[in-house]
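The values are calculated or read from the model by the stated rules, or taken from the named source; none is laboratory data. This is a predicted model, so every value here is computed, not measured. Backbone-built Cβ (ideal geometry, glycine too); neighbour counts: all protein chains shown.
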Amino acid sequence: MLKRAYHASLTREKIFLTYPVLLLASLIIVFTFAILHQAHDWIIFGAICVPIYLTFGLLGSLAVFIHRIYYHELRGETVNYKDILKASFNRMLNGVFLALPLILAHVGLWLLMGLFYLIQGIPYFGPVFAVVFAMLPFAFMMAMGLIPLIALIVLFYGSSFFAFDLSFDLSHFKERPSLVMGHFVIAILPLLLGTFFLGLIYWLTMNLFGVENNVVAISLQRLFLLLPFSFYLTPFVLFFFHFGLESYRSFIKKG
C-alpha cells in the first residue's frame, strides 16, 4: 500500500493537476491576510481559519478527482483525465461543500466566545462570571482545535465515499478502530512533516528578507514564496489522498 501510494504520488500529470489547486488555496490565504492587515485581534481570530476551511473544500473536490484516477490506475486501466473529469464533476461538488459546515461551526464558536468576552466586561458581575465559568472558553478553544482534525479525517475517509457514491459504513471504525486511525496517522504524518519543514523555511525567509509597512509588497512576497511552497507540498498531498483510497480498499477486501 505504501509503495503504490508513494509511486503514484510522484506522477508528473497528477502533480501538475494538484499544483494549481494548492496555488489557488495559497492565493485565498494571502488575500485574507492582506484584508486582515492591522485589523483588530478579535477580527483576526475569527477570520483566520476561514481560508483554511475553504482550502479543505478545494482539497475535498480535488480528492474525488484523484481517487477516481487512482482507482483506474490500480485496476491497470487506461486513464483518460478528460473523461474522468467529466464523469466526476457532480461528485466533486460534494467535496466543495465540505467547507460550509466547517465555516459555520467555526463562526458559531467564535460568536459564543465573543458573547463570553462581552459578559466578562460587565462591571462587578463580569469578573465573577469569568472565574466561575472559566472552562467555557477552554471548551470553545478545544472545539476549534478539533474541527480541523475532524475535517482531515473526513477528507481522508469520506472522499472515497464521495468519489464513488457509496453509502457511509462505520462498521470498520467500530471493529478495528486502531487500524483505521493507524492508516490515518501513516497518511497524515508525511504531510505534517512536509508542511512543518516548508513552513519553517517560509517563516525564516519572511523574517530575514521580508519587507515591512507595505501590505501590497508583503502580500506579493508571500505569494511568490508560496509558489515553490505549494509545488513541493504537492506530492505529500497526493500521498495523503492515495493512501486514503488504499486504506478504503484494504477494509473492503478484509470485510
Take the stretch 130-166 and flag every residue that is more than 30 Å from Y71 (Cβ to Cβ) and surrounded by 15 or more Cβ atoms within 10 Å (Cβ to Cβ). A130, L136, P137, F140, A143, M144
Name the residues in the stretch 29-63 that are over 29 Å from Y19 (Cβ atoms) and not β-branched (V, I, T), would you? Q38, A39, H40, D41, W42, F45, G46
Looking at I103, is it of a type in the set (A, V, I, L, M, F, W, C), in a helix (DSSP H, G or I), farther than 26 Å from I218 by Cα and touching a residue at least 24 places away in the same chain (Cβ under 8 Å)? yes
Might you let me know whether the stretch 203-226 holds any residue that is under 24 Å from E73 (Cβ atoms) and at pLDDT 80 or above? no
Would a scan of the stretch 8-30 turn up a residue that is of a type in the set (D, E, K, R), within 15 Å of T234 (Cβ to Cβ) and surrounded by fewer than 12 Cβ atoms within 10 Å (Cβ to Cβ)? yes
Restricting attention to the stretch 200-216, the residues that are surrounded by 10 or more Cβ atoms within 10 Å (Cβ to Cβ) and either in a helix (DSSP H, G or I) or touching a residue at least 40 places away in the same chain (Cβ under 8 Å) (or both) number exactly 9
Can you tell me which of (1) exposed (fewer than 12 other Cβ atoms within 10 Å of the Cβ); (2) among the hydroxyl-bearing types (S, T, Y); (3) touching a residue at least 12 places away in the same chain (Cβ under 8 Å) is the one Y117 doesn't meet? (1)
